[in-house]
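Here the structure comes first, spelled out in structure tokens, and everything after it is commentary.
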Amino acid sequence: MHISDKTKYIGVNDERDVLFEGQYRVPNGISYNSYLIDDERLAVLDTVDAHFVDEWLAKLSAELGGREPDYLVVHHVEPDHSAGIGRFAEKYPNAKIVASQKAFAMMKSFYGDDFADRRIVAAEGSELSLGEHKLTFITAPMVHWPEVIVSYESSEAILFSADGFGAFGVPDEGCTAWDDEARRYYIGIVGKYGANVQALLRKAAALDIGKICPLHGPVLEGERVAHCVKLYDLWSRYEAECDETVIAYASVYGNTKRAALRLGDELTARGRSVKLYDLSYCDKAEAVAEAFKADKLVLASVTYNADVFPPMREFINALTERNFKNRRLALIENGSWGPTAAKVMRAMLADSKELSFADTAVTLRSALDDESLASIIRLADELATR
Ligand code: FEO
């Protein structure tokens, strides 16, 4: 990625077949971004995941061309960005480490060193002058950990945004999949902390931002900056992006699935946009992200051990952990002798705010019959209108 003659990208791409943070599929890979600001004084911004420290140090060394960096700025201590701090500190013993107070405490916990003899503590509004370039630090607690800072470089109008505005997928110049990959990343990883993201957006609104350089995914510039900030504002206010119904179903023998698909067909026939997710097989992070994107959500589950089917339980937990709210919901339950899934799903969502439930209840007794089909059609009529 080319940023400018003075701000260089020295990040790495992780295209191993692994789950990011042990739970997120990344079929398009993920990047650990790092940057070098090349001015009278040289500042390296963040390191990379432990598997890529050699590659990163080699890239850094090539850019330095025999020079020594003056600073390593650590915006975030989560190990996908901080695993190279120790090796960097050994290799460049004169470089100062710049981070928040909390970040140094975390470095001690993770790596046994808080760099007391070579640290610069970054606080809200503090500055680091590099020559023509100047970094101003902005605290961003819980976006996505408490120690996080972001920094604004005024001469090039760049916001170094830490995990904020990050995306799954290795960077591509056209940012072709940014909305979907950033939404899945944001909702999955930062989604719980909407109020903190709103606080950061308020601070960022005072800045003239030409480019955003996050710790994952592509650098954002031009018209994309406003577009991405607008999406972040929607996501962090828990507002829907579009008029769409997500139908998430958990089915054992296919009968609950048939009901879900039939509802989808009925809604489509009424001109509504629908997305269906089979919770036993789909990428749950995508289903969760799409549930936050849409304005309506239908949950369809078979009753299982007087509870919901486990994939549905996991899905609803993933929603409520991320403060899912402000949506219209409908429930479909199935149960051959004692259907309780709707009651359980409603109870699981009892603490979620600003949910409104459709009036039409749909209960299957094993399989669709005339009565349950009629209720599916009534539910489609209801969801198509409000
Ligand atoms: Fe990409 Fe919160 O670390």
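The numbers here are math on the coordinates, done by the rules we state, and not lab data. Quick caveat, the model's predicted, so the values are computed rather than measured. Virtual Cβ from ideal backbone geometry, glycine too; neighbours counted across all protein chains shown.
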field: Residue (of 255, 268, 220) at the positive-pole extreme of the chain, dipole from beta-carbon charges
entry: 255
query: Using the reciprocal of the averaged 1/r over all distinct C-alpha pairs, how large is the Kirkwood radius of region 72-126 in Å?
result: 11.1 Å
query: What 222 nm value per residue comes from the helices of the chain, counting each DSSP H run with n ≥ 4 as -39,500 (n - 2.57) and dividing by all residues, nearest 500 deg cm²/dmol?
result: -10000 deg cm²/dmol
message: Give me the three principal axis extents of region 110-153 from the C-alpha atoms, as integers in angstrom, largest value leading.
response: 35, 27, 13
query: Which one of 116, 138, 128 has its Cα pushed farthest toward the positive end of the charge dipole of region 94-189, where Lys and Arg give +1 and Asp and Glu give -1 at the Cβ?
result: 116
field: Mean-position separation - Cα centroids, region 157-189 and region 314-386, in angstrom
entry: 32 Å
message: Taking the 0 to 90 degree range and rounding to the nearest ten, how far is the long axis of helix 53-64 tilted relative to the main principal axis of the chain, both from C-alpha atoms?
response: 50 degrees
field: Measure of compaction for the chain (Cα Rg per 2.2 N^0.38 Å)
entry: 1.13
query: Using the eigenvalues of the Cα gyration tensor, what equivalent ellipsoid semi-axes result for region 12-141 when each is taken as the square root of five times the eigenvalue, whole Å, largest first?
result: 24, 18, 14
- request: Indicate, rounded to the nearest 5 percent, the antiparallel portion of the DSSP beta bridges found entirely in the chain.
  value: 45 percent
message: Suppose we take every Cα in region 210-340 and form the convex hull; what volume per residue is that in Å³?
response: 122 Å³
query: Would you list 301, 4 from fewest to most Cβ contacts within 10 Å?
result: 4, 301
- request: Estimate the FRET efficiency between residue 124 and residue 177 by the formula 1/(1 + (r/R0)^6), using the beta-carbon distance for r and 41 Å for R0, to the nearest 0.05.
  value: 0.75
message: Ranking request for peptides 158-167, 88-97, 131-140: highest mean number of other beta-carbon atoms within 10 Å first, then the rest in descending order.
response: 158-167, 131-140, 88-97
field: Rounded D (µm²/s) - region 53-204, Kirkwood Rh over Cα pairs, Stokes-Einstein at 37 °C, 0.692 mPa s
entry: 198 µm²/s
- prompt: Which of 8/108; 134/284; 230/296; 211/293; 8/96 have a Cα-Cα distance over 31 Å?
  reply: 134/284
